[in-house]
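Note sheet for the following structure.
The values are calculated or read from the model by the stated rules, or taken from the named source; none is laboratory data. Since this is a predicted model, take the numbers as computed values, not measurements. Using ideal geometry, Cβ is built from the backbone for each residue, glycine included, and neighbour counts are taken over all protein chains shown. Each accessible area value is taken on the protein alone, full model and side chains, heavy atoms only, with ligands, DNA and RNA left out. Shrake-Rupley method; radii C 1.70, N 1.55, O 1.52, S 1.80 Å.
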Amino acid sequence: MATGADVRDILELGGPEGDAALGTISKKDIINPDKKKSKKSSETLTFKRPEGMHREVYALLYSDKKDAPPLLPSDTGQGYRTVKAKLGSKKVRPWKWMPFTNPARKDGAMFFHWRRAAEEGKDYPFARFNKTVQVPVYSEQEYQLYLHDDAWTKAETDHLFDLSRRFDLRFVVIHDRYDHQQFKKRSVEDLKERYYHICAKLANVRAVPGTDLKIPVFDAGHERRRKEQLERLYNRTPEQVAEEEYLLQELRKIEARKKEREKRSQDLQKLITAADTTAEQRRTERKAPKKKLPQKKEAEKPAVPETAGIKFPDFKSAGVTLRSQRMKLPSSVGQKKIKALEQMLLELGVELSPTPTEELVHMFNELRSDLVLLYELKQACANCEYELQMLRHRHEALARAGVLGGPATPASGPGPASAEPAVTEPGLGPDPKDTIIDVVGAPLTPNSRKRRESASSSSSVKKAKKP
């Protein structure tokens, strides 16, 4: 079958220059076949669009030398066909079965493999990956002066360094190949400690004055403790693992309660500070005459915290607005507070939507802000009183059980616990699990109180039924 090169040869036409004239295929011809044709592309004939044919229709036409237009838009010029290697009738580079030696081997073993004929005589390409550890070598004089140790003999030290060179400081393998019959039995930490101690000594002795030393340090005691702790951790029983998980969960609960309690105390402190600031501000405004107060003094008033009452939006820079918009409650106020606020306004006989004059809007907003602050203070006070009452009941229960080591103290607050005397019978005392004291304190709610009371009453009934 005749090819393009044969046809050119028969017709005595000039062939391509360079590598193409030699008839060999290079790597560039396979990977980048389009670069070779860049010069010829300018010489190709360009057909002019016929008259009367639209440009879009003419763009759809193609010849045999061009690829078909893609059905989907793509970034490449020729689409998927650029990946294919375009092979011609050129000669391929010859390969040869030739011997080679690996410089990493010291026994001079000869191997064979296929390789390009042009690379004959070159070094083995993978020899550059042969990396060895530089193990220091010491003389007899250096050993006697600096490296002598009563716990180690010179023969044992030589044996250690010989294994270090053979196994590239893989101390687990060194410990496995160590001659424990001829020498004393050593652990991996002992071998590491001896090796790095000698390296540090030699580095100090051979160092040039004024140079920075990189002395290897190995802490054998720390390594032994680490392995001992790891062994203890691995040898734990399932009961110990479950107990540790339970303790970690309890620790997270205690920390969460502590954070919640600190947050509540901060909120309560902010409410108290806001109430004191508002009261002091009102008292100052009543005492001072209105005529003597300059307008600039309004900016010097003590700022009320954001948590004090309601923070209404400011419409000074919002353009033209209705005055009634200043009476709208912001979205930060919850539905529960809004209902409580409406109830308090109805109890005071105040309209929910008064006429929005300048003075009424200002006073109405201040009134609602004070009512919300009063509502928050009442809630905080009720929570504190409830916690105090629960703590008193806990104290009485612990005093009856004898955990506190003193007589039971009567409760100062009202309740059935203070009216009945503390009677304890042998075998009917409280369960030791019920006498655990929560130092941080869980968040108390009326539902949790009911649950605790029902649980304690059911446990007492069960104990009373026992013979």
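Some notes on this structure:
- Some residue of segment 187-197 being open to solvent by 50 Å² or more (accessible area, probe 1.4 Å), hydroxyl-bearing (Ser, Thr, Tyr) and under 17 Å from GLN134 (Cα atoms): yes
- For GLU193, the conditions (1) under 30 Å from GLU228 (Cα atoms); (2) outside any helix (DSSP H, G or I); (3) among the acidic types (Asp, Glu) are fulfilled apart from (2).
- Check on PHE100, surrounded by 10 or more Cβ atoms within 10 Å (Cβ to Cβ), outside the structural domain of CYS199 (by the TED database) and not in a helix (DSSP H, G or I): yes
- Residue ID - modelled with the lowest pLDDT, chosen from residues in segment 200-223 that are under 15 Å from PHE171 (Cα atoms) and part of a helix (DSSP H, G or I): ALA220
- Count - residues of segment 103-159 that are of a type in the set (A, V, I, L, M, F, W, C), open to solvent by less than 80 Å² (accessible area, probe 1.4 Å), closer than 17 Å to ALA200 by Cα and not in a helix (DSSP H, G or I): 3
Residue by residue, here is whether (1) part of a helix (DSSP H, G or I); (2) among the hydrophobic types (A, V, I, L, M, F, W, C); (3) surrounded by 14 or more Cβ atoms within 10 Å (Cβ to Cβ); (4) touching a helix residue (DSSP H, G or I) at 6+ places or on another chain (Cβ under 6 Å) holds:
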residue: ARG326; (1), (2), (3), (4): yes, no, yes, yes
residue: PRO330; (1), (2), (3), (4): no, no, no, no
residue: LEU345; (1), (2), (3), (4): yes, yes, yes, no
residue: GLU359; (1), (2), (3), (4): yes, no, no, no
residue: HIS362; (1), (2), (3), (4): yes, no, no, no
residue: ALA380; (1), (2), (3), (4): yes, yes, yes, yes
residue: CYS384; (1), (2), (3), (4): yes, yes, no, no
residue: ARG392; (1), (2), (3), (4): yes, no, yes, no
